[in-house]
Amino acid sequence: MHLSELLRSPVLARAGETVGRVEDVIVRLRGADAYPLLTGIVAGVGGRRVFIGSRVISEYNPDRVVLAKNKIDLRGFERRAGEVLLRADVLGHRLIDVAAVELVHAYDVELEDTGAGWVLARLDTRRPAKFFGLIKSSGGHAARDWKAFEPLIGDARSDAVRRHWGRVGGFKPAEIADLLEDADKAEGGEILDRVRSDPELEADVFEELDPDKASRLLDDMPDDEVAALLGRMRADDAADAIADLRQARRRRVLDLMPAPQRTKVITLMGFNPESAGGLMNVDFVSCAATATAGTALALIADARTLQPEALVKIHVLDEDRHLSGVVSVIALLQAAPGERVGALMDSDPVRVGVAADLTDVALLMADFNLYSIPVVDEQDHVLGVVTVDDVLEATIPEDWRRREPAPRPVRDIVQPGVQPGVQPGAQPAAQPGDEGDSAVPGGGGA
């Protein structure tokens, strides 16, 4: 039974008299692994919106809803915690397609009778065909399992249930950033609410965001929250974010940042953003030429807070902190643990000064097949490292970023112990008594 067919259908008393019309359908969320249970309808009765619970409904049909008695309670409808109105909250709104990690519209909702109650089983995400501006039946529905989606439902009374589903936290930071860039303000707020439970993930997401989008999101956050977030980000990304803030906010936010991060950010802000100094990350791993391969690998293993791309090589410094060479992680892994780093290193590595421009850095990386390049001052002290991902991000044309991504294959979300293709009717559902909760006076009580 499709929601589009049920809406505006007549509500009939047991005697057959029409007492109202279906204005909305109510389901109760029960977690990401359970189909929401249909608990009743919102009916328009004599100009009033009243709740009619499933307990007093004897029959749901696409063309009518039949009551088990001839009288209904005319108290006005009030939403309860965990309740979702399918027309108001889902139909025409966007949800996250978990497999494709993209926002999709819900054009229709499919309900199914499990034998122990009706449930929200599937969503139709295909735009209906139109003929001269009118909706034209396509002869079928492109329905997919409800569990394949993460709802973005704006009502606060369902937020407590939704925020604990946790599937957004399993996405890659770049995927969440793509969602935020496609989302409107309300959708973006819901996505960020899911991400903020993991502060490190939130920082990773902001590092991946388009600068304009990140700036707009930061504008809506108080100074102390912005400072805390930038304090967890890579210093080069934090410096870019600070530069995009309004002039009046920069000093306030900088003053609230942790002192070590503030020092790094201020240093980076002194360089041209399209130079090696502006692109570099000031965090890197170094050791002496006398260190062993085992010791060098242990240093890399302990550098859990550093950008992984900056760890592909370890920088070898002399007693005066001058750059003596670099050695790759691969060379260290392939060497005996006791072998000296000085015997494994490249003693004349490619390096650049802080003023080297983006084109020079990119060409050097291409010519020498490099994933990172050390940035040095005039005395050959290492100031930071430019990594290949930073160069790619700076060189990719802006119109490429706006390209529509290639469609990703859609896969069904298969629940443990359930064979692919098995319909929700075969799933264990709530007991009939569960739907009786909706008859309690109050939110939706009849």
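The values are calculated or read from the model by the stated rules, or taken from the named source; none is laboratory data. What you see is a predicted model; the values in this text were computed from it and never measured. FYI the Cβ positions are ideal-geometry reconstructions off the backbone, even for glycines, and counts take in every protein chain you see. When the accessible area is computed, the model is the full protein with side chains, heavy atoms only, and any ligands, DNA or RNA have been set aside. Shrake-Rupley method; radii C 1.70, N 1.55, O 1.52, S 1.80 Å.
Just need a number here: residues in the stretch 166-189 that are of a type in the set (A, V, I, L, M) and either in contact with a Pro (Cβ under 8 Å, 6 or more places away or on another chain) or not in a helix (DSSP H, G or I) (or both).
Total meeting the criteria: 1.
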Output the qualifying pairs, or none if there are none: Cβ atoms under 7 angstrom, residues six or more apart or on different chains, first residue in the stretch 341-355 and in contact (Cβ under 8 Å) with a residue 12 or more places away in the chain, second residue among the acidic types (Asp, Glu) and surrounded by 15 or more Cβ atoms within 10 Å (Cβ to Cβ). VAL352/ASP360
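Matching residues to (1) of a type in the set (A, V, I, L, M); (2) outside the structural domain of ALA356 (by the TED database):
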{"position": "ALA239", "(1), (2)": "yes, yes"}
{"position": "ASP244", "(1), (2)": "no, yes"}
{"position": "MET257", "(1), (2)": "yes, yes"}
{"position": "ALA293", "(1), (2)": "yes, no"}
Please go through the stretch 357-375 and pick out each residue that is surrounded by fewer than 19 Cβ atoms within 10 Å (Cβ to Cβ) and on the phi < 0 side of the Ramachandran plot. ASP357, THR359, ASP360, ALA362, LEU363, LEU364, ALA366, ASP367, PHE368, TYR371
Count of residues meeting criterion [closer than 23 Å to ARG246 by Cβ and open to solvent by less than 60 Å² (accessible area, probe 1.4 Å)] in the stretch 184-216: 13
Right, ASP159: assigned by the TED database to the domain that holds ARG28 and either modelled with pLDDT of 90 or more or open to solvent by 10 Å² or more (accessible area, probe 1.4 Å) (or both) or not? no
Search result, residues across the stretch 217-237 that are open to solvent by less than 30 Å² (accessible area, probe 1.4 Å) and under 18 Å from ASP193 (Cβ atoms): LEU217, LEU218, MET221, VAL226, LEU229
Any residue in the stretch 285-298 that is among the β-branched types (Val, Ile, Thr), assigned to a loop (DSSP other than H, G, I, E, B), within 29 Å of the chain's Cα centre (by Cα) and crowded, with 16+ Cβ neighbours inside 10 Å? no
Checked GLY433, GLY417 against criteria (on the phi > 0 side of the Ramachandran plot, open to solvent by 30 Å² or more (accessible area, probe 1.4 Å) and at pLDDT below 90); the one match is GLY417
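Matching residues to (1) over 23 Å from LEU358 (Cβ atoms); (2) among the β-branched types (Val, Ile, Thr); (3) out of contact with any helix residue (DSSP H, G or I) (no Cβ under 6 Å at 6 or more places or on another chain):
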| residue | (1), (2), (3) |
| --- | --- |
| MET280 | no, no, yes |
| ASP283 | no, no, yes |
| ALA298 | yes, no, yes |
| GLU309 | no, no, no |
| HIS322 | yes, no, yes |
Given the criteria out of contact with any helix residue (DSSP H, G or I) (no Cβ under 7 Å at 6 or more places or on another chain) and among the small types (Gly, Ala, Ser), does ALA238 qualify? no
For the stretch 86-97, which positions are surrounded by fewer than 23 Cβ atoms within 10 Å (Cβ to Cβ) and either over 24 Å from the mean Cα position of the chain (by Cα) or farther than 25 Å from GLY47 by Cα (or both)? ARG87, HIS93, ARG94, LEU95, ASP97
Do any strands (runs of 3 or more DSSP E) entirely within the stretch 1-85 hold 1 or more residues that are farther than 21 Å from THR125 by Cα and of a type in the set (Lys, Arg), and if so, which? 18-28, 48-53, 64-67
Filtered residues of the stretch 5-52 (kept if within 24 Å of ALA116 (Cβ to Cβ) and open to solvent by 50 Å² or more (accessible area, probe 1.4 Å)): GLU5, ARG14, ARG30, ASP33
Sort out which residues of the stretch 93-125 are without any contact (Cβ under 8 Å) to a residue 60 or more places away in the chain and closer than 19 Å to SER9 by Cβ, and write them in order of number. TYR107
Taking the stretch 325-342 and the residues there that are open to solvent by less than 30 Å² (accessible area, probe 1.4 Å) and not in a helix (DSSP H, G or I), the one that is farthest from ALA310 (Cα to Cα) would be ALA335
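Of these, ARG144, ARG94, ARG127, ARG80, which one is charged (D, E, K, R), more than 30 Å from LEU218 (Cβ to Cβ) and at pLDDT 85 or above?
Checking each option against the conditions leaves just ARG144.
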Kindly check whether there is at least one residue in the stretch 261-278 that is among the aliphatic types (A, V, I, L, M) and within 30 Å of VAL168 (Cβ to Cβ). yes
Identify all residues within the stretch 262-274 that are closer than 17 Å to ALA227 by Cα, surrounded by fewer than 19 Cβ atoms within 10 Å (Cβ to Cβ) and not aliphatic (A, V, I, L, M); write none if there are none. THR263, THR267
Filter result for ASP320 (more than 33 Å from the chain's Cα centre (by Cα), modelled with pLDDT under 95 and acidic (Asp, Glu)): yes
